[in-house]
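Note sheet for the following structure.
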Amino acid sequence: MASAPLASDASRRLLELARRDRDAAVALLADASPEEQVAWVCEAPLAERVRLLGLVPHPEQVIPRLPEAELCFVVKAQGLHDAGWILAHATPEQIVASVDLDVWHGHELDLPQLSQWVAALADADRGALLRATRALDPELLVLLLRSRIGVVQKPTDAEG
């Protein structure tokens, strides 16, 4: 997926500053409102969004404001195995949308990918995992559990 060009000179300057002087970029972000921070993150090329999120002083104020699809793109750019810190601040609606965008291919469910999302949520923190399991379609969780759990009935003495 190609990333869109930056929409503003301010965003370009912020990215250049982040490459040269991390502390100055953090200070610039700290002076911006959470809405401005979200705009800067969303305007940045996909490969730079995670870096900018890592610089915002209060990611817990910015991450829940990201559009749902953007959160999915950011998590995928970070890699699910390292995205726990992002998912810890995501809203249930963002998680549901992100999981749905990533685990369905047409009408086919990608169970290994769903398993990676659940593992990433478990890595985030207990609260994120709990919020996600309450928000996700219960059928998804049942399908995931069915793929991982085997149930065997112990034979009675007469049977065995």
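The values are calculated or read from the model by the stated rules, or taken from the named source; none is laboratory data. Because the structure is a prediction, the values reported are computed rather than measured. Note: ideal-geometry Cβ built from the backbone for every residue, glycine included; neighbour counts use all protein chains shown. Areas reflect the complete protein model, heavy atoms only, side chains present, ligands, DNA and RNA absent. Shrake-Rupley method; radii C 1.70, N 1.55, O 1.52, S 1.80 Å.
Scan region 42-59 and tell me whether some residue there is in a helix (DSSP H, G or I), among the acidic types (Asp, Glu) and either open to solvent by 70 Å² or more (accessible area, probe 1.4 Å) or modelled with pLDDT of 95 or more (or both). Steps first, answer last, please.
We begin by selecting, within region 42-59, every residue in a helix (DSSP H, G or I); these are 42-43, 46-55, 59.
Within this subset, residues satisfying the condition of being among the acidic types (Asp, Glu) are 43, 48.
From what's left, either open to solvent by 70 Å² or more (accessible area, probe 1.4 Å) or modelled with pLDDT of 95 or more (or both): none.
The answer is no, given that none of the residues of region 42-59 is in a helix (DSSP H, G or I), among the acidic types (Asp, Glu) and either open to solvent by 70 Å² or more (accessible area, probe 1.4 Å) or modelled with pLDDT of 95 or more (or both).
Among residues belonging to region 1-41 that are at pLDDT below 90, in a loop (DSSP other than H, G, I, E, B) and of a type in the set (Gly, Ala, Ser), point out the one that is least open to solvent (accessible area, probe 1.4 Å).
Going through the qualifying residues, I end up with SER8.
Tell me, which helices (runs of 4 or more DSSP H) lie completely within region 61-109 with 2 or more residues that are over 10 Å from the mean Cα position of the chain (by Cα) and surrounded by fewer than 17 Cβ atoms within 10 Å (Cβ to Cβ)?
Numbers: elements: 68-78, 84-87, 92-103.
Filter on region 61-109 gives 92-103.
So for region 74-82 (the condition being of a type in the set (Gly, Ala, Ser) and either at pLDDT 95 or above or more than 20 Å from ALA25 (Cα to Cα) (or both)), does at least one residue qualify? I'd like the intermediate steps shown before the answer.
In the first step, residues of region 74-82 are kept if they are of a type in the set (Gly, Ala, Ser); the result is 77, 79.
From what's left, either at pLDDT 95 or above or more than 20 Å from ALA25 (Cα to Cα) (or both): 77, 79.
So far as region 74-82 goes, yes, one or more of its residues are of a type in the set (Gly, Ala, Ser) and either at pLDDT 95 or above or more than 20 Å from ALA25 (Cα to Cα) (or both).
The conditions are (1) at pLDDT 95 or above; (2) over 14 Å from LEU136 (Cα atoms); (3) of a type outside the set (Phe, Trp, Tyr), and GLU93 fails exactly one of them. Which is it?
Going through (1) at pLDDT 95 or above; (2) over 14 Å from LEU136 (Cα atoms); (3) of a type outside the set (Phe, Trp, Tyr) one by one, GLU93 breaks only (2).
Which of the residues that make up region 10-43 are under 15 Å from PRO57 (Cα atoms) and of a type in the set (D, E, K, R)?
Residues satisfying the conditions are ARG22, ASP23, ASP31, GLU35, GLU36.
Considering region 115-154 alone, what residues qualify as being among the charged types (D, E, K, R) and either loosely packed, with under 10 Cβ neighbours inside 10 Å or in a helix (DSSP H, G or I) (or both)? Outline the logic, then answer.
Filtering region 115-154 down to residues among the charged types (D, E, K, R) leaves 123, 125-126, 131, 134, 137, 139, 146, 148, 154.
ASP123, ARG126, ARG131, ARG134, GLU139, ARG146, ARG148, LYS154 - these are the residues of region 115-154 that are among the charged types (D, E, K, R) and either loosely packed, with under 10 Cβ neighbours inside 10 Å or in a helix (DSSP H, G or I) (or both).
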